[in-house]
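K.L.:
Have a look at this one before I ask anything.
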């Protein structure tokens, strides 16, 4: 799996949660999407952990600045045994 | 209907969105799903897709505590809106609850809550000393911790009149301390348990305990904990726990307005017993300790009987002829429920919805206080359609789960305590004092008397045959001859006039022991030969032996016998009754390696008085 594939899968998860369609790019972040508030964020994180079968460590998600970095984090956690 | 369809209803601004949202909320089984539905409800409101008009103004709910109350409050708000008790929420700041409650001029009191959900901080529920400190010191600190929380609850209540929902403390689920954990109140687990008990048992009347310790235990302690969620956003537990907690809070809020149900209406076949009594007959239905299925049905009846004790009215509604339907209640020895337990008995061929309406009229109660239980989906459907006020419970496929299903339906939970309850508690306390006295009496006679034992003797009956045969074939220790008999052989004994065969059942104030003794005797001239004498070891030292012998002597005399003849046949397992006949006053007449023979002359025999009250004798009309 590479970053583009992760973002493609993220796109389907986001489509399920957001009402207004959002096209995900590596550079996009929560600030760019009005619907991406803290409420939606919780839904997204729970859905992402479930869909990718990963568990982020404490503080990690907060430190990602955009979707690209978030996808890299998913890849890193997925590569763990 | 699924989430994608719901989303399109929302995007297209369709009013069907609301009933579908309600339905999916009822089915939601995890945090993720419920949370998504909750966020869509908010979006629908923001898009001016107006919800149905609520029944009244929203209830003012303040949520405060030692945690971040976000997103818990979203779930609570959503569930309350969907169950028709909408709330307007005021949220306290993270861990600011003590100040919020103390500050009479603050936002909490300006809001004027009708209900307050208070989640005291786990971090303040910790013993300050050492594990090995004296127990009294640890106990005092636990009581003090609970009292401090109760004091906060009392203060808010005094200033606002609000009902208080108070969460207790989740127990740790990690292997800290090992076996030593149980030996001190200073450990987190035991300390919190003690605080939880103090909080609940001493709660003022305005407080309802929201039992987080129970909820966490139900889903599993490890599953309920979420250290990451605590460090990142100060969550009170995992998303799974938030889901359970929000549902509990919504349930408690609904309970503030809704009376518990009053009447439990029961189907019969495959609900109270296994099988169909009209087809299988009284002997053929599955009920009682002969089979695992029979035990499960009996356990279900016992639970229903306990509901009756709590004040729930019991009724029967069955598609059956009346005579057939009442027969098990009158004649089956393993029935727990009897006709006297049933306030209304409808066994006929009318639709069940009609019967329920008639019952409601007869009992002068609203149909909305009725709960109807059936294993048949078609009957449930008829009631849902034609008596929709009735709450229905469709029993699952496995009777082992019936009790749990009824326990989890949450329809018969007692409300909060009343002054009357408190008074009754005092009476019970006095009573408990008397009982405690009794049980401290070391005298065996007084102990037996306090048990309030009641025994019944019955000649062998066809209905009992499976149980008799089962006990005959499995008893090893208290069994004088260890002669095994099939069900057919038991029936043969029953039908042979030269034999007597009887059994004894025993109950006491702690419960029903069921069938506990069996004797078979064969008349030969003026002698009654004891073919079989066996007993369940559960009731040893309870004077059952004496009562059984008294009955045997009575029956033998009634058949003009002068003597009883007993024999002990030793096996690897029945050593305990080697001297049994000797102890009972029989004389040893012959002894070899493989048998001991005894006799008892009836002319000189006086039955020993016992503390067991005999309410029925064998071979006599009951």
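K.L.:
Please list B:170-178, B:281-289 highest first by mean number of surrounding beta-carbon atoms within 10 Å per residue.
P.N.:
Working: B:170-178: 14.1, B:281-289: 18.9.
Those peptides, ordered most packed to least, come out B:281-289, B:170-178.
K.L.:
Now for a different question. Given a Förster radius of 35 Å and the C-beta distance between residue B:234 and residue B:182 as r, what FRET efficiency does 1/(1 + (r/R0)^6) yield to the nearest 0.05?
P.N.:
Working: r = 31 Å, r/R0 = 0.88.
So the FRET efficiency works out to roughly 0.70.
K.L.:
Once both axes come from the Cα atoms, what is the angle between helix B:31-46 and the longest principal axis of chain B, in degrees from 0 to 90, rounded to 10?
P.N.:
The angle comes out near 40 degrees.
K.L.:
Using only the Cα atoms of segment A:3-78, build the gyration tensor, take square roots of its eigenvalues as a ≥ b ≥ c, and label the shape rounded, prolate or oblate: rounded if a/c is under 1.5, else prolate if a/b is larger than b/c, else oblate.
P.N.:
Numbers: a/c = 1.36, a/b = 1.31, b/c = 1.04.
Since a/c stays below 1.5, the shape of segment A:3-78 is classed as rounded.
K.L.:
A further question follows. Quick one: helix B:377-386 against the long Cα principal axis of chain B, what's the angle to the nearest 10°, folded into 0 to 90?
P.N.:
Value to nearest ten degrees: 50.
K.L.:
A follow-up question, please. What number, rounded to the nearest 500 deg cm²/dmol, is the helix-based mean residue ellipticity at 222 nm of the protein assembly as shown, given -39500 (n - 2.57) per DSSP H run of at least four residues and division by all its residues?
P.N.:
Numbers: 27 runs with 310 residues, N = 703.
Mean residue ellipticity at 222 nm (helix-derived): -13500 deg cm²/dmol.
K.L.:
Hey, with R₀ at 56 Å, roughly what FRET efficiency would residue A:20 and residue B:174 work out to, going by the Cβ-Cβ distance, to 0.05?
P.N.:
On the way: r = 44 Å, r/R0 = 0.78.
Rounded to the nearest 0.05, the efficiency is 0.80.
K.L.:
Taking every residue in B:460-470, how many Cβ atoms of other protein chains lie within 10 Å of its Cβ, on average? Intermediate values should be presented prior to the final figure.
P.N.:
Values: counts 0, 0, 0, 0, 0, 0, 0, 0, 0, 0, 0.
Mean partner-chain Cβ count within 10 Å for B:460-470: 0.
K.L.:
Provide the packing ranking of B:67-76, B:179-188, i.e. peptides ordered by the mean count of other C-beta atoms within 10 Å per residue, highest first. Present the calculation step by step, with values, prior to reporting the outcome.
P.N.:
Values: B:67-76: 22.1, B:179-188: 15.6.
Descending mean neighbour count gives B:67-76, B:179-188.
K.L.:
Provide the gained length on full extension for the span residue B:572 to residue B:29, in nm with one decimal, where the gain is 0.36 nm per separating residue minus the Cα-Cα distance. The partial results should precede the final answer.
P.N.:
Working: separation 543, 0.36 × 543 = 195.48 nm, distance 5.53 nm.
Residue separation times 0.36 nm, minus the Cα-Cα distance, leaves 189.9 nm.
K.L.:
Compute the distance in nm between two label points, each set 7 Å from the Cα along the Cα-to-Cβ direction, one at residue B:389 and one at residue B:96.
P.N.:
So the two model labels end up 4.8 nm from each other.
K.L.:
Compute the Cα gyration tensor for segment B:531-622, then decide on rounded, prolate or oblate, letting a ≥ b ≥ c be the square roots of its eigenvalues: rounded whenever a/c is under 1.5, prolate when a/b is larger than b/c in the other cases, and oblate in all that remain.
P.N.:
Values: a/c = 1.99, a/b = 1.32, b/c = 1.51.
In terms of gyration-tensor shape, oblate.
K.L.:
A further question on this structure: If one takes the longest principal axis of the Cα atoms in chain A, at what angle in degrees, from 0 to 90 and to the nearest 10, does the Cα axis of helix A:3-17 lie?
P.N.:
It is inclined by approximately 50 degrees.
K.L.:
Still on this structure: Any idea how far the Cα center of segment B:24-93 sits from the one of segment B:354-377, in Å?
P.N.:
33
K.L.:
Find the centroid of the Cα atoms in segment B:155-182 and in segment A:5-81, then give the distance between the two in whole Å.
P.N.:
Using only Cα atoms, the two centres lie 35 Å from each other.
K.L.:
Shifting gears a bit: Taking the Cα-to-Cβ direction at residue B:276 and at residue B:410 and moving 7 Å from each Cα, how far apart do the two end points lie in nm?
P.N.:
In this crude label model, residue B:276 to residue B:410 measures out at 3.7 nm.
K.L.:
How would segment B:57-257 be classified by its alpha-carbon gyration tensor: rounded, prolate or oblate, with rounded meaning a/c under 1.5 and the a/b versus b/c comparison settling the rest? Present the calculation step by step, with values, prior to reporting the outcome.
P.N.:
Values: a/c = 1.98, a/b = 1.46, b/c = 1.36.
Prolate shape, in that a/c is at least 1.5 and a/b is the bigger ratio.
K.L.:
Please compute, for peptide B:228-237, the average count of beta-carbon atoms on other protein chains lying within 10 Å of each residue's beta-carbon. Each step should come with its number before you reach the end.
P.N.:
Details: counts 6, 1, 1, 2, 6, 3, 0, 0, 0, 0.
Across B:228-237, the average partner-chain Cβ count within 10 Å equals 2.
K.L.:
Moving on. Once label points are set 7 Å from the Cα along Cα→Cβ at both residue B:126 and residue A:33, what is their separation, rounded to one decimal in nm?
P.N.:
Label-label distance for residue B:126 and residue A:33, simple model: 3.8 nm.
K.L.:
What residues from segment B:482-514 fall in the zone where the backbone N is under 13 Å from a label point 7 Å along the Cα-to-C-beta line of residue B:473?
P.N.:
Counting backbone N atoms under 13 Å from the label point, the list is B:484-491.
K.L.:
Within a 10 angstrom radius of each residue's Cβ in A:26-39, how many Cβ atoms of other chains show up on average? Whole number is fine.
P.N.:
Working: counts 0, 0, 0, 0, 0, 0, 0, 0, 0, 2, 0, 2, 3, 8.
Mean partner-chain Cβ count within 10 Å for A:26-39: 1.
Where a number appears in this text, it was derived from the coordinates with a stated rule and is not lab data. Since we're looking at a predicted model, the values are computed, not measured. Ideal geometry is used to build each Cβ from the backbone, glycine not excepted, and the neighbour counts take in all protein chains shown.
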